[in-house]
Structure formats: C-alpha cells, structure tokens
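Beneath this line is the structure, given in structure tokens, with notes to follow.
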Amino acid sequence: MANHPRLLILALVLVVAAFEEVLSTSVMGPRHRGGRELDECQLSRLNSLEPTNRIQCEAGTIESWDPNEDEFRCAGVTVVRHIIEPNGLLLPSYTNAPQLIYIVEGDMLNMHNSLYYKLFHPQTRNSQ
C-alpha cells in the first residue's frame, strides 16, 4: 500500500511533464527545435566573409574560414581555398568527406606528354 502514493506521484509528474511539452509546442510552435529556430538559415541574411586563417606557402596561399560562423554552421560545410601560383603544384590529398572542387582559372591537370595527347586528343595528333 505504501507503493501506491509513490506511483501516483510519479504518474502525476509524468502527466505534468507531458502537458508542459504540449503547451510549449503550441505556444512556440514547431519553429523551435533544440533551442534554435528552423528559419535561422535564410538566404536573405548571408554575409560576405573574409578568411580567418591565411597560410603562405611556396606555391601559393591557403585560406580557410571559421566553420563556426552562422552561414557555414547552417549549411554544415567547411571552406578552404587554395590559390596556386603559376607553375605551382598542389599535391593530391585524401579527405574523408564529400568535397566540391571548382577551378576558377586553368585546368585540373596540365599534362603535356605524348600519351595524354594520344588518348584524349587523337584528331589533333593525326592532323599534325
């Protein structure tokens, strides 16, 4: 019989907790989840950011941005830019995450050997 008041108190606490959750959801709406607004990431509020870290190397510059900035945190990305000087070389590297690589000027591989031209440019090789 002594356990019944404890069970009653536990049931009452659970009912109050469930009611508080329902009430907070109806007052705040579904726009809040985990203390953050779902509308927090809006394209209308993007800012142009400067790199937070610059490393000067022999073949160019490596610039990186702070991943804790709001724009990057919302998108879930990290941004690194490699600026390679003419005749510079960026060695291949492995990353355990998807990457988006784009080249502003130049090309990915600038190979000038005969095997490359035989395989990928047979018509220019034959016309010479």
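The values are calculated or read from the model by the stated rules, or taken from the named source; none is laboratory data. Please read all numbers here as calculations on a predicted model, not as lab measurements. Cβ placement follows ideal geometry from the backbone for every residue including glycine, while neighbour counts extend to all protein chains displayed.
Restricted to the range 23-51, and to residues that are hydrophobic (A, V, I, L, M, F, W, C) and at pLDDT 60 or above, which residue is surrounded by the most Cβ atoms within 10 Å (Cβ to Cβ)?
CYS41
Here are ARG54, ARG81: which of them is over 15 Å from the mean Cα position of the chain (by Cα), part of a strand (DSSP E or B), surrounded by 12 or more Cβ atoms within 10 Å (Cβ to Cβ) and at pLDDT 80 or above?
The unique qualifying residue is ARG54.
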